[in-house]
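What follows is one structure encoded as structure tokens, with my remarks underneath.
Coordinate-derived values only; no laboratory data. Since we're looking at a predicted model, the values are computed, not measured. Quick reminder, even Gly has a Cβ in these numbers, built from the backbone with ideal geometry, and neighbours come from all protein chains shown.
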Amino acid sequence: MHRGNDSHSSPSPADRRLSALVRHLQGSPLDAADPCLAAAPTSAAQISVFDHVVRAPEDPILGVTVAYNKDPSPNKLNLGVGAYRTEEGKPLVLNVVRKAEQMLVNDRSRVKEYLPIVGLADFNKLSAKLILGTDSPAIQDNRVTTVQCLSGTGSLRVGAEFLARHYHQHTIYIPQPTWGNHVKIFGLAGLAVKTYHYYDPATRGLNFKGLLEDLGSAPSGAIVLLHACAHNPTGVDPTAQEWEQIRKLMRSKALLPFFDSAYQGFASGNLDADAQSIRMFVRDGGECLVAQSYAKNMGLYGERVGALSMVCRSADVASRVESQLKLVIRPMYSSPPIHGASIVATILKDRAMFQEWEVELKAMADRIISMRKQLFDALRSRGTPGDWSHIIKQIGMFTFTGLNSAQVAFMTKEYHIYLTSDGRISMAGLSSRTVPHLADAIHAAVTKVA
Amino acid sequence: MSDSVFASIVQAPEDPILGVTVAYNKDQSPVKLNLGVGAYRTEEGKPLVLNVVRKAEQMLVNDESRVKEYLPITGVADFNKLSAKLIFGADSPAIQENRVTTVQCLSGTGSLRVGGEFLAKHYHEKTIYIPLPTWGNHPKVFTLAGLSVKTYRYYDPNTRGLDFSGLLEDLQNAPSGAIVLLHACAHNPTGVDPTSDQWEQIRQLIRSKSLLPFFDSAYQGFASGSLDADAAPVRMFVADGGECLAAQSYAKNMGLYGERVGALSIVCKGADVASKVESQLKLVIRPMYSNPPIHGASIVAAILKDGHMYTEWTVELKAMADRIISMRHQLFEALQAKGTPGDWSHIIKQIGMFTFTGLNSDQVAFMTKEFHIYMTSDGRISMAGLSSRTIPHLANAIHAAVTKAA
């Protein structure tokens, strides 16, 4: 009656315990990885009940930073990091964020009581307005329910668990490629994951035809993950006209849009421009889900601030949906953390602070756009073979360079430049001072390595 | 206009515990009393932020060198190490042998959920036994984590104490290897804890059947006023060299409720296993929320690592525990003075924030209607919601309910 282990192919725990016991009794050399047998008397009970657990592979993106940290070279460059860096290569806490935080912490009337399951009410209302627009009819009609979640990841997970439980179609289509964590989030939430064509390596742009074909073949009602702007990892976004065609197709097949909005304001520097794709869908009166993150655009990464909004056909449905969202959240972590959401609410509700934020946000976006231009110019002036215009056409924190893994490995070994093996670089990790070094490395990689 | 794809969704029922506060808020009576709340209140009936917490928070926020980068998936490293020492003891051999993996999670609930999901994925027995009764959210947490939930007898309504023989019988009949949820101290909702002799018997039984203990520690230091005393059951199990899980919450003992600070520790037989387990815990956390929130855990780490602040904390913690114990004594004496029928000694025998009064739902409804006293219908009252000023009112209400309502 051995129970198969459904998560990986190792033998069942009972098998492992018995074979360890047999080895011990036969006097074979003790398994060095099993110190408990060395110390304990012969007994199956001395073996860990987790003995069979396989070591999980290190996260590939985090592995880049681990390798970077080990490198002693003074020229090393970390372009794996998915967090903003200043010209000096330092993390940034926005001035307006420090100001808001000081205000909150110095206010001795503030307490640390549990938030409601759905989080901070002000934060929720303001987040919905931010993404959907203050004049959104959906908001005015009370057709939107918004719940505070743990940044983008938490919003996606709560939304997906809700859909797995309450929606009739349990398949979600994600773009090829997409953020590495998407497939895991949806899988653990209980959805089946399929992909749709997105990136075209030949053009380093959008495979629009493939995208339309795949969505056109999806079963009616299927869920479709859409990056609202600044697609991660490619930086390739549909144009407004392409978005309109996507919208029409999706509505004609009753596909359910699930937007991942991690870069509002951070991509173009304009909060409204970066929300256009979502607002286009909401304007047609249809339903959708939106996961919002404040990690990048407010630099609140580690505070885990985000929101899940569900735009429904009616206020009554939205209210019932909200009551069910609570049943997803409560057994996951009961209620969300108060600190980060309070900072966001403070900034969004104060006119002067909101404007300060917009200025600091635009500065971050502008610096990244400037890095794109500088890198493109540097490659042109070196006469580096190939068309590098995608560097300035792509948008957001990341550029999909088009470099292959051999070229990436070369750049790491010879130039101490760290990036993910898919050729993705974080523009946020560059500065005017380091662009020449990167341009040299790309030039060498492209001319020397196939 | 076409139909909503969510048209068939039913309105979920309101959380019963939160519903108490909703009803309380609507009541206009000047003598109303909210004894449903599971959060500490001062003598003045106000929420409390500990002085040492405010101090730590100020320090952190005024430190301009601090940034808000993503934490590692497992959270603040200092916080994890200090949390393990807090619950297992600074001299714990399990810690010294590197057999413990600790990951920062979202308070107690988050720690239970991450541990539950890990077990559902990697442990050979997918059933968890929870005490009857237990915190209302426990069955939901474990079910959504992928475990199936059974119960073991715990509370004896006749004695308003522990049904020890029932507990032993039910654990004896559990399949070998089954997971068992144990409230480390201050059982919620009953306030009934095993004695240390009883804990030792429980431990022996659990080990003899290879049952896997999963401790829920939400009240360390808050129950008796002593951090070490309240951790004794957990340490008893770790001392025998066996394995266990422990979910720690800082919601009550540091008053950090809304900051969602907690930790999941898994004590393993060997360092290598602990390391592999940690790598797999990351695969549970990453698709749930990527990494935990930085603020609350930084406050806890700042306090735990500083000798003075730690001492300050133990003093403030003991004051909270003492006030609650004082409320117990005052209520007991008030009922004795009134000659209220029945044995009310359970009020002072039970421990922690809650008392299972033994009042039935009719009596509870009576108390709400006639005396504007709000509590959950199982007769559970939060001692934290009482003060010297309001005890007489509660005693009157209980007296009336017991003598007038069946």
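Pick from B:Asn396, B:Asn360, B:Asn158: which is most flexible by mean-square fluctuation in a GNM of chain B where alpha carbon atoms under 10 Å apart are linked?
Comparing B:Asn396, B:Asn360, B:Asn158 in a Gaussian network model of chain B, the most mobile one is B:Asn158.
Across peptide B:75-87, how many C-beta atoms of other chains are within 10 Å of each residue C-beta, on average? Each step should come with its number before you reach the end.
Details: counts 1, 1, 0, 0, 0, 0, 0, 0, 0, 0, 0, 0, 0.
For this peptide, the per-residue mean of nearby foreign Cβ atoms is 0.
Using just the Cα positions, wrap chain A in a convex hull and report its mean projected area in square nanometres, one decimal place.
Working: hull surface 109.7 nm².
Mean orientational projected area (chain A, Cα hull): 27.4 nm².
Using only Cα atoms, tell me the angle between helix B:227-239 and the longest principal axis of chain B; keep it within 0 to 90° and round to the nearest 10.
50 degrees
What residues qualify as long-range amide H neighbours of B:Asp216, i.e. H under 5 Å apart, gap of 5 or more or another chain, H built at 1.01 Å from N?
B:Leu182, B:His183, B:Ala184, B:Ala247
Would you mind classifying the range B:82-226 by shape? Square roots of the alpha carbon gyration tensor eigenvalues, ordered a ≥ b ≥ c; an a/c under 1.5 is rounded, otherwise it is prolate if a/b is larger than b/c and oblate if not.
Details: a/c = 1.37, a/b = 1.15, b/c = 1.19.
Verdict is rounded for the range B:82-226.
Quick check: from the Cα gyration tensor, does the range B:175-311 come out rounded (a/c under 1.5), prolate or oblate? Mind showing how you got there, number by number?
Values: a/c = 1.82, a/b = 1.16, b/c = 1.56.
The shape class here is oblate.
Running a GNM on chain A with Cα contacts under 10 Å, which residue among A:Asn232, A:Asn78, A:Asn69 ends up with the highest mean-square fluctuation?
Per the Cα network of chain A with a 10 Å cutoff, A:Asn69 tops the list.
Evaluate the Debye formula for chain B with equal point scatterers sitting on the alpha carbons, no solvent, and hand back log10 of I(q)/I(0) at q = 0.06, 0.08, 0.14 Å⁻¹, in q order, two decimals.
-0.25, -0.45, -1.30
May I ask which residue of A:Asn95, A:Val54, A:Tyr84 lies farthest towards the positive end of the charge dipole of the range A:47-118, with charges of +1 (Lys, Arg) and -1 (Asp, Glu) on Cβ and the Cα centre as origin?
A:Asn95
Starting with the highest mean, order B:216-225, B:245-254 by the number of other Cβ atoms within 10 Å, averaged over the residues of each peptide. It would help to have the intermediate numbers written out before the result.
Details: B:216-225: 24.8, B:245-254: 27.4.
For the peptides B:216-225, B:245-254, the packing ranking is B:245-254, B:216-225.
How much of the DSSP bridge set in the protein assembly as shown is antiparallel, in percent, rounded to the nearest 5?
45 percent
In the structure displayed, which of A:Lys99/A:Lys362; B:Lys55/B:Lys140; A:Lys253/A:Lys296; A:Lys296/B:Lys276; B:Lys126/B:Lys252; A:Lys99/B:Lys282 lie more than 27 Å apart, Cα to Cα? Write out the running numbers ahead of the final one.
Working: A:Lys99/A:Lys362 18 Å; B:Lys55/B:Lys140 36 Å; A:Lys253/A:Lys296 33 Å; A:Lys296/B:Lys276 32 Å; B:Lys126/B:Lys252 30 Å; A:Lys99/B:Lys282 33 Å.
Pairs exceeding the cut-off: B:Lys55/B:Lys140; A:Lys253/A:Lys296; A:Lys296/B:Lys276; B:Lys126/B:Lys252; A:Lys99/B:Lys282.
Given +1 on the Cβ of Lys and Arg, -1 on the Cβ of Asp and Glu, and no further charges, what dipole in debye does the protein assembly as shown carry about its Cα centre, rounded to the nearest 20? Walk me through the intermediate numbers first.
Values: 86 positive and 80 negative charges, 146 e Å.
Roughly 700 debye for the protein assembly as shown.
Pick from A:Tyr199, A:Tyr114, A:Tyr68: which residue has the top mean-square fluctuation in a GNM of chain A where Cα pairs under 10 Å get a spring?
Answer for the Gaussian network model of chain A: A:Tyr114.
Rounded to the nearest 5, what % of the DSSP beta bridges within chain A are antiparallel ones? Intermediate values should be presented prior to the final figure.
On the way: 17 of 36 bridges.
Beta bridges within chain A, antiparallel portion: roughly 45 percent.
Taking each residue of A:114-120 in turn, how many C-beta atoms of other protein chains fall within 10 Å of its C-beta, and what is the average?
On the way: counts 11, 4, 2, 2, 0, 1, 1.
The per-residue average across the peptide is 3.
Compute the angle between helix B:77-88 and the longest alpha-carbon principal axis of chain B, please, reported from 0 to 90 degrees and rounded to the nearest 10.
Tilt of helix B:77-88: around 60 degrees.
State the Cα centre-to-centre distance between the range A:384-450 and the range B:181-242 in whole Å.
Measuring centre to centre over Cα atoms gives 56 Å.
If you take each beta carbon of peptide B:195-208 and count the beta carbons of other chains within 10 angstrom, what is the mean?
Working: counts 0, 0, 0, 0, 0, 0, 0, 0, 0, 0, 0, 0, 1, 1.
Shielding by partners across B:195-208 averages 0.
What residues of the range A:80-112 lie in the reach of a label at B:Arg66, counting those whose backbone N is under 19 Å from a point 7 Å from the Cα along Cα→Cβ?
Inside the label zone: A:91-112.
For q = 0.18, 0.25, 0.29 Å⁻¹, what log10 I(q)/I(0) does the range B:354-406 give under the Debye formula with an equal point scatterer on each alpha carbon and no solvent?
Each listed q corresponds, in turn, to -0.49, -0.97, -1.29.
Determine, for each peptide in B:97-105, B:235-243, the mean count of other beta carbons within 10 angstrom over its residues, then list the peptides with the highest first.
On the way: B:97-105: 24.7, B:235-243: 18.2.
Put in order of decreasing packing, that is B:97-105, B:235-243.
In whole angstrom, how far apart do the alpha carbon centroids of the range A:200-243 and the range A:300-321 sit?
24 Å
Provide Rg over Rh for the range A:115-349; use the alpha carbon set for both Rg and the Kirkwood Rh (inverse mean inverse pair distance). List each step's numbers first, then the result.
Numbers: Rg = 16.4 Å, Rh = 17.5 Å.
For the range A:115-349, the value is 0.93.
Taking a ≥ b ≥ c as the square roots of the Cα gyration tensor eigenvalues, with a/c under 1.5 meaning rounded and otherwise prolate when a/b beats b/c, else oblate, which class fits the protein assembly as shown? Provide the component values of the computation, followed by the final result.
Numbers: a/c = 1.83, a/b = 1.43, b/c = 1.28.
It comes out prolate by the Cα gyration axes.
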